[in-house]
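Q: Got a structure here, written out as structure tokens. Questions coming.
The values are calculated or read from the model by the stated rules, or taken from the named source; none is laboratory data. Not measured: the values here are computed from a predicted model. Please note: Cβ atoms are built from the backbone with ideal geometry, for glycine as well, and neighbour counts cover all protein chains shown.
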């Protein structure tokens with residue numbers, strides 16, 4: 001009976017994959033045509049000086065980190081150019097842009113952040129996304145605003161406590177300049193976040209051994225791949241910035257190798273192929289992939305909820 005069930009599931013997945021590839025080929029052509037039109041429109045708006053300034057820019061490293069916001073703002077205007085995706089929407093009369101690169105490499109993240117600053121001229125930037133918990137006591141799906149950021153590549157350190165959400169345009173208590181608390185987190189938001197040290201690496205942090213080594217080397221609570229280059233660039237450009245990271249794995253959890261291939265920033269058709277191949281080798285990989293997907297959806301939803309609360313507080 002188990003053999004029959006496995007055969008039926010394999011046949012179903014194979015047919016689903018074939019149908020998906022056929023649909024994807026058609027939709028890919030349509031997306032490419034639309035992307036070219038959008039890129040042309042974006043270039044025209046930039047030349048005409050119509051891009052304008054936005055109140056908030058949010059820089060993510062992967063599309064799955066933005067699902068919660070996309071669900072809340074389904075009518076956001078989407079523009080694509082140079083592989084980047086920009087979504088713009090209004091919140092309480094303010095303009096917000098969400099930016100995502102085609103992949104989460106450091107080079108792409110830096111180019112994207114440069115583009116956001118140059119094109120949209122935001123007053124503030126939020127860099128949001130997922131992170132791995134690497135220390136005991138870090139709760140799953142908890143949200144961190146790191147106060148210290150370390151780059152594992154060259155061991156540089158940035159103390160973020162003096163640069164979070166500075167508000168240079170708001171008068172201080174004396175009516176002449178920013179007050180002494182301009183760089184602090186609003187008191188009503190402090191209960192929504194945890195603080196700690198984050199270490200940014202160039203490789204994904206999936207294994208227990210990696211997490212243990214990073215914790216020992218840097219005394220950090222969480223690890224990611226994107227916070228440091230974005231923060232470093234914003235600091236150099238004098239741009240007020242706030243990092244936010246939602247924890248999607250614990251220090252004693254290890255992501256199976258066949259699940260990694262299903263959750264990366266690859267093309268959907270390739271992910272379907274990888275899912276089918278992994279199922280043939282290990283049927284349990286499908287369940288693990290679904291669990292990981294669900295966890296990412298929950299993390300993205302928490303990110304969206306906290307970001308919106310943040311915008312309502314400071315706008």
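Q: So, in region 218-233, exactly how many residues are over 21 Å from residue 194 (Cβ atoms) and either out of contact with any strand residue (DSSP E or B) (no Cβ under 8 Å at 6 or more places or on another chain) or surrounded by 24 or more Cβ atoms within 10 Å (Cβ to Cβ) (or both)?
A: Of the residues in that region, 1 qualify.
Q: Please enumerate the residues belonging to region 63-112 that are in a loop (DSSP other than H, G, I, E, B), within 18 Å of residue 231 (Cα to Cα) and without any contact (Cβ under 8 Å) to a residue 60 or more places away in the chain.
A: Within region 63-112, 101, 105 meet the criteria.
Q: Residue 233 versus (1) closer than 18 Å to residue 61 by Cβ; (2) without any contact (Cβ under 8 Å) to a residue 60 or more places away in the chain: which is the lone unmet condition?
A: Condition (2) is where residue 233 drops out.
Q: Could you tell me which of the residues 157, 127 is surrounded by fewer than 17 Cβ atoms within 10 Å (Cβ to Cβ), part of a strand (DSSP E or B) and touching a strand residue (DSSP E or B) at 6+ places or on another chain (Cβ under 7 Å)?
A: The unique qualifying residue is 157.
Q: Another one. Looking at 195, 201, 248 in this structure, which one is touching a strand residue (DSSP E or B) at 6+ places or on another chain (Cβ under 8 Å) and at pLDDT 95 or above?
A: Going through 195, 201, 248 in turn, just one is touching a strand residue (DSSP E or B) at 6+ places or on another chain (Cβ under 8 Å) and at pLDDT 95 or above: 201.
Yes/no per residue for (1) assigned to a helix (DSSP H, G or I); (2) at pLDDT 85 or above; (3) surrounded by fewer than 18 Cβ atoms within 10 Å (Cβ to Cβ):
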| site | (1), (2), (3) |
| --- | --- |
| 239 | no, yes, no |
| 269 | yes, no, yes |
| 279 | yes, no, no |
| 300 | yes, yes, no |
| 313 | yes, no, yes |
